[in-house]
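Worksheet: one structure, shown below.
The values are calculated or read from the model by the stated rules, or taken from the named source; none is laboratory data. For clarity, every value in this text was computed on a predicted model and none was experimentally measured. Here Cβ is always computed from backbone atoms with ideal geometry, including for glycine, and neighbour counts include all displayed protein chains. Accessible surface areas use protein heavy atoms only, side chains included; no ligands, DNA or RNA. Shrake-Rupley method; radii C 1.70, N 1.55, O 1.52, S 1.80 Å.
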Amino acid sequence: MHHHRKLALTVGALVLSAPVLTGCGFNYATDRVNTTTNATFNRDKAVDVIGAQVIAEAPGSGSLHARLVNGASTGTELVSVAGSGDTVLTSSTIESFVIDPREGVNVENVGGGVRLTGDFIAGDQIPVAFTFSNGDEVVLDVPVVRACDFYEGLDTAPEVEGAAATEAEPYSCEAPEEHSE
């Protein structure tokens, strides 16, 4: 009988300690989206803005790259892309397109893409507001990256109508020289 009591206590202790031994509760880091990239994301509205960045060959002008994923049960359109707060950005004409329910669209693949112009340089984070026909507005701090290496040849969006041609010197894609002492 003494052995049965020990066995029962051991089994009881294991059952009670099982939650402690198997984890620390819910919301594990491995269950959350982990995105390591030089872009920005927002999944708070009906349309998710994924991987937003501006790819620029020169200061003051660049192509917007982003994936828009409509999580709603009805279609919606991207109405405008503009600066947010005190940031003034001008965008090229956005070709009308519908993001179907549960579908995604790459901005750069619609009508040649969207060009943004304004007072920014590579390395900046510019506040950009995406406005949709469903009434949602998504504001993100979008990084500006040089059109070099992986991004080479991706600054292809059409020029902004009526905007003065950008005379800024293009970014150099040459690797910096090593200094020897």
**Request:** Compare Glu103, Glu159, Glu174 by solvent-accessible area with a 1.4 Å probe and give them largest first, with all protein chains kept in place.
**Result:** Glu174, Glu159, Glu103
**Asked** Between Asp149 and Phe97, what length in nm is gained on full extension when 0.36 nm per residue of separation is reduced by their alpha carbon distance?
**Response** 15.7 nm
**Item:** FRET E, pair Thr90, Glu174, Förster distance 30 Å, beta-carbon r, rounded to 0.05
**Value:** 0.50
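If I stretch the segment between Thr30 and Thr131 completely, what's the gain in nm (0.36 nm per residue apart, minus their alpha carbon distance), one decimal? Show your work: numbers first, answer last.
Values: separation 101, 0.36 × 101 = 36.36 nm, distance 3.21 nm.
Difference between extended and current length: 33.2 nm.
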**Message:** Ordering Ile126, Ile121 by accessible area with a probe of 1.4 Å, largest first, what comes out?
**Reply:** Ile121, Ile126
**Prompt:** Any idea of Tyr151's accessible area? Nearest 10 Å², probe 1.4 Å.
**Reply:** 40
**Prompt:** How many angstrom separate the Cα center of the stretch 130-164 from the Cα center of the stretch 76-115?
**Reply:** 8
**Prompt:** Can you give the accessible area of Ser73 in Å² (nearest 10), computed on protein heavy atoms with a 1.4 Å probe?
**Reply:** 100
**Fill in**
Length gained, Asn38-Val79, 0.36 nm per residue minus C-alpha separation, equals 12.2 nm
**Request:** Name the shape class, rounded, prolate or oblate, that the alpha-carbon gyration tensor gives for the stretch 25-158, where a ≥ b ≥ c are the square roots of its eigenvalues, rounded holds for a/c under 1.5, and otherwise prolate holds if a/b is larger than b/c and oblate otherwise.
**Result:** oblate
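For the stretch 61-145, what does the accessible surface come to per residue with a 1.4 Å probe? Please give it in Å².
Values: 3650 Å² over 85 residues.
Computed with neighbouring chains in place, this is 43 Å² per residue.
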**Request:** Kindly report, to the nearest 10 Å², the accessible surface of Asp119 as traced by a 1.4 Å probe over protein heavy atoms only.
**Result:** 150
